[in-house]
Amino acid sequence: MQTKDISVGIIGTGYYVPEKVLTNFDLEKMVETNNEWIVDRTGISERRIADENVPTSEIAIHAAENALKNADVSPEEIDLIIFATLTPDTVIPSAACIIQNKLKAVNAAAFDLSAACSGFVYGISVGSQFIKSGMYKKVLVVAAETLSKLINWEDRNTCILFGDGAGAAVLSQVDDGYGILGIELGADGSGGDFLNVPASGSLHPATTKTIEDKLHYIHMNGSEVFKFAIKIMGEAALKSLNVAGLKPNDIDCLIPHQANIRIIKSAAKRLNLPMDKVVVNVDKYGNTSAASIPIALSEAVESGRVKKGDVVVLVGFGAGLTWASCVMKWAKED
Ligand code: UT7
């Protein structure tokens with residue numbers, strides 16, 4: 001997809017992670033695993049876990065407030081809130097509406113977006129179209145998860161991987177030539193069973209049997225997802241670069257979905273990119289699904305790693321199966 005006319009970019013970022021840290025050593029006491037295996041196979045050392053009584057919207061609001069502050073935009077100026085999550089507080093109302101109310105973003109339309117770990121980049125893509133069309137001026141894209149609520153803490157295949165967290169970005173018109181230059185989105189529903197929560201909707205409404213059978217938890221075929229990720233991350237990034245008329249060696253900063261260090265390294269290799277151009281925080285937070293890219297982006301902006309004029313590439317993959325990549329010329333002077 002080629003992006004034309006009005007230039008749209010990110011003018012503010014923010015993130016939030018819960019305080020509670022769960023280390024690999026803590027997990028050693030919960031399931032048959034060990035720190036060495038987890039670090040070696042995933043690159044993860046620890047992850048953050050939200051308190052039991054904290055819904056996803058609550059951590060999302062912290063990230064959204066930080067992004068609004070960073071963008072110097074008030075909640076009333078927001079025209080639309082897009083909330084990417086696979087762990088909404090409830091099916092209805094949407095968590096986007098809960099966030100809209102708590103932020104007092106009284107002029108904003110709001111909806112949830114379901115594209116799993118690709119959700120933030122899908123959200124950036126959808127939100128930017130509203131600005132390009134002239135319908136809206138400011139769009140807040142928030143991505144947050146409390147995956148700890150969907151994890152079977154007896155399943156070592158999944159419980160070592162995921163964590164809780166939130167990230168957000170404010171989209172607006174930016175100077176010509178800056179902002180989003182290319183987007184690639186995709187889906188392959190034939191791989192839906194590789195990563196799913198079987199009893200989470202109309203297919204298997206909750207019963208004592210679905211709970212006994214643990215169908216309300218995340219189920220994953222790790223090696224199939226791994227194979228898909230290795231193939232799609234580099235491919236998606238290359239396609240979005242191609243739309244932007246750029247080459248891998250134009251990249252100043254790659255922000256990949258933080259699922260597994262081996263997947264991140266393989267994407268960097270495919271793009272022939274040295275690891276010092278790749279943002280990695282999977283060691284600290286594990287896989288926070290939709291939140292992982294905006295958390296990594298916010299940290300990179302905050303540390304001064306991303307500067308005005310830099311070519312930044314976001315790339316992710318996730319359940320669905322889905323994938324998404326976005327190339328931007330960073331528009332904000334910090
Ligand atoms: O956002 C998308 C979300 N999902 C992903 O990104 C997942 C992508 N997949 C992966 O990251 C990797 O496939 C995993 C990290 C999940 C697994 O790594 P792997 O190198 O593919 O391991 P494996 O599943 O092939 O298992 C190797 C061995 C097995 O033992 P045997 O059969 O060789 O004796 C597993 O039973 O490791 C065993 N194993 C573990 N051992 C210690 C699996 N999980 C664990 C564990 N601790 N937690």
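The set of residues in region 299-312 being farther than 23 Å from Val17 by Cβ and either within 16 Å of the ligand (Cβ to nearest atom) or within 14 Å of the chain's Cα centre (by Cα) (or both) is empty.
Against the condition in the same structural domain as Val197 (by TED's automatic domain parsing), without any contact (Cβ under 8 Å) to a residue 40 or more places away in the chain and more than 22 Å from Gln173 (Cα to Cα), how does Arg305 come out, does it pass? Answer is no for this residue. The set of residues from region 231-262 being within 19 Å of the chain's Cα centre (by Cα) and either within 9 Å of the ligand (Cβ to nearest atom) or in a loop (DSSP other than H, G, I, E, B) (or both) comprises His257, Gln258, Ala259, Asn260, Arg262. Quick check on Pro75: is it at pLDDT 95 or above, over 16 Å from Tyr285 (Cβ atoms), over 20 Å from the mean Cα position of the chain (by Cα) and surrounded by 15 or more Cβ atoms within 10 Å (Cβ to Cβ)? Taking the combined requirement at face value, the residue satisfies it. From the list Ala259, Ala300, the lone residue that is in contact with a strand residue (DSSP E or B) (Cβ under 9 Å, 6 or more places away or on another chain), farther than 20 Å from Ala115 by Cβ and either hydrophobic (A, V, I, L, M, F, W, C) or at pLDDT 95 or above (or both) is Ala300. Restricting attention to region 204-215 and to residues that are surrounded by fewer than 17 Cβ atoms within 10 Å (Cβ to Cβ) and not in a helix (DSSP H, G or I), the residue that is nearest to the ligand (Cβ to nearest atom) turns out to be Lys214.
Pairs are defined by a Cβ separation below 9 Å, a sequence spacing of at least 6 or placement on different chains, a first member in region 61-73 that is farther than 18 Å from Asn101 by Cβ, and a second member that is polar (S, T, N, Q) and part of a helix (DSSP H, G or I); the pairs so defined are Asn66/Ser298; Asn70/Ser298. Just one residue in the set Ile151, Ile183 is within 15 Å of the ligand (Cβ to nearest atom) and either β-branched (Val, Ile, Thr) or free of Cβ contacts under 8 Å to residues at least 12 places away in the same chain (or both); that residue is Ile151. Exactly one of (1) under 21 Å from Asn281 (Cα atoms); (2) buried (at least 22 other Cβ atoms within 10 Å of the Cβ) is unmet by Glu36. Its number? Of the numbered conditions (1) under 21 Å from Asn281 (Cα atoms); (2) buried (at least 22 other Cβ atoms within 10 Å of the Cβ), the odd one out for Glu36 is (2).
Where helices (runs of 4 or more DSSP H) sit wholly within region 1-73, those with at least 1 residues that are touching a Leu at 6+ places or on another chain (Cβ under 7 Å) and within 16 Å of the ligand (Cβ to nearest atom) occupy 35-42.
Quick grid of which residues meet (1) in the same structural domain as Lys307 (by TED's automatic domain parsing); (2) in contact (Cβ under 8 Å) with a residue 40 or more places away in the chain; (3) buried (at least 19 other Cβ atoms within 10 Å of the Cβ):
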| site | (1), (2), (3) |
| --- | --- |
| Ala109 | no, no, no |
| Leu113 | no, no, yes |
| Ala116 | no, yes, yes |
| Asp155 | no, yes, no |
| Ile160 | no, yes, yes |
| Gly163 | no, yes, yes |
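Would a scan of region 271-288 turn up a residue that is buried (at least 18 other Cβ atoms within 10 Å of the Cβ), aromatic (Phe, Trp, Tyr) and more than 10 Å from the ligand (Cβ to nearest atom)? Within region 271-288 (the criterion being buried (at least 18 other Cβ atoms within 10 Å of the Cβ), aromatic (Phe, Trp, Tyr) and more than 10 Å from the ligand (Cβ to nearest atom)), the answer is yes, since at least one residue qualifies.
The values are calculated or read from the model by the stated rules, or taken from the named source; none is laboratory data. What you are looking at is a predicted structure, and each value in this text was computed from that prediction instead of being measured. Cβ atoms come from the backbone with ideal geometry, glycine included; neighbour counts cover every protein chain shown.
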